[in-house]
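Q: First, the structure itself, so that you have it in front of you.
The values are calculated or read from the model by the stated rules, or taken from the named source; none is laboratory data. It should be emphasised that the depicted structure is a prediction, and the values quoted were computed from it without experimental measurement. Backbone-built Cβ (ideal geometry, glycine too); neighbour counts: all protein chains shown. Note: accessible area is taken over every heavy atom of the protein model, side chains too, but ligands, DNA and RNA are not part of it. Shrake-Rupley method; radii C 1.70, N 1.55, O 1.52, S 1.80 Å.
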Amino acid sequence: MAKKKAKHLKNFFVGLLVVILTVAGLTLIFNEQIKTFIVNRMTTTALNQPIKKQQSTKKGNFDYDSVKTVDTKDVVNAATSDASDSIGKIAIPKVGIRLPIFYGLSQNNLMRGAGTMKQDEQMGETGNYALAGHHMENEKILFGPLENIQKGDKIYVTNGQNVYTYKVTQKVIVNQTQVQWLDNVPNQKLITLVTCSSGQEGVQTRIIVRGELVATQNATKKSLKVFNE
């Protein structure tokens, strides 16, 4: 009787272990799909919200070193937290990027779209409008598609009042310490996009995409269409 009971108990624990390993395996398999689904949902929701005017007195995180690789916990935290208001939108039709722009580099911002890298930068103005975005394992979301961008491609950004068109002039891969790419260039109206060179954890190189302003339009139903197609 004791042997039979011990056998049943052993079978129970073996079965329980199989269930645990199966669930753990499925979680690992579908982990990236789950993150992709949630990020896409947050991005789409944010894109459909009205753009708020950027406030120069607003506090934000501009510490580049605080930006870290995305994990599932970060995605869940972003999905369950209060979303910041977007201050603009970015679209690069050639590579399928359409994202909201947020003020600063908080992880919650970067889970939903692109974040401004300097406190006082202004799109369309003389200076260097720098934006950062995550490059995840799924390279079709957030700033992952920047790896496919080419010289001559158009970058569109809007603050809700105007639509600014930049033409890509440079694409380089640099070490993460080469932050001079964020500096202003005298008498030039530039945009600089920054992301990790891959979605792998610990990567120390960055993709830099630089563009020059070529056109400014009023924000109308027609000119804003590029952000919704």
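Q: Quick one: of K151/K221; K35/K140; K89/K225; K94/K140, which pairs are farther than 18 Å apart, Cα to Cα? Provide the component values of the computation, followed by the final result.
A: Numbers: K151/K221 28 Å; K35/K140 12 Å; K89/K225 12 Å; K94/K140 12 Å.
Exceeds cut-off: K151/K221.
Q: How large is the direction-averaged shadow of the alpha-carbon convex hull of region 116-229, in nm²?
A: With every direction weighted equally, the projected area is 7.4 nm².
Q: I34: accessible area at probe 1.4 Å, nearest 10 Å²?
A: Rounded to the nearest 10, the figure is 80 Å².
Q: Expressed in nm to one decimal, what extension gain is obtained for the pair S81 and T45 from 0.36 nm per residue of sequence separation less their Cα-Cα distance? Working shown, then result.
A: Values: separation 36, 0.36 × 36 = 12.96 nm, distance 1.36 nm.
Difference between extended and current length: 11.6 nm.
Q: What ratio of Cα Rg to 2.2 N^0.38 Å holds for region 100-152? Let's see the in-between values first.
A: Numbers: Rg = 12.0 Å, N = 53, 2.2 N^0.38 = 9.9 Å.
Relative to the 2.2 N^0.38 Å estimate, region 100-152 comes out at 1.20.
Q: Next question, about the same structure. Working from the pairwise distances between different alpha carbons, so that the mean of 1/r is found and then inverted, what is region 144-207's Kirkwood radius in Å? Display every interim value, and only then the final one.
A: Values: mean 1/r = 0.0747 Å⁻¹.
Answer for region 144-207: a Kirkwood hydrodynamic radius of 13.4 Å.
Q: Right, something else. For the modelled label position 7 Å from the Cα of E212 along Cα-to-Cβ, which residues of region 120-158 have backbone nitrogen atoms closer than 19 Å?
A: Within reach of a label on E212, which here means backbone N under 19 Å from a point 7 Å along Cα→Cβ, region 120-158 contributes 123-130, 150-157.
Q: Can you compute the charge dipole magnitude of region 92-144 about its Cα centre, using +1 on each Lys and Arg Cβ and -1 on each Asp and Glu Cβ, nothing else charged? Give it in debye, rounded to the nearest 20.
A: Numbers: 5 positive and 5 negative charges, 43 e Å.
In debye, rounded to 20, region 92-144 gives about 200.
Q: Can I ask one more? Using DSSP to call loops (not H, G, I, E or B), can you name the trypsin sites (Lys or Arg not before Pro) in region 165-224 whose Cβ has at most 10 other Cβ atoms within 10 angstrom? Numbers along the way, then the final one.
A: Details: sites: K167, K171, K189, R206, R210, K221, K222; in loops: K221, K222.
Passing both the DSSP loop test and the Cβ count: K221, K222.
Q: A follow-up question, please. Can you give the FRET efficiency for E125 and K154, using 1/(1 + (r/R0)^6), R0 = 22 Å, r = Cβ-Cβ distance, to the nearest 0.05? Spell out each step's value before the answer.
A: Numbers: r = 19 Å, r/R0 = 0.85.
Efficiency, rounded to the nearest 0.05: 0.75.
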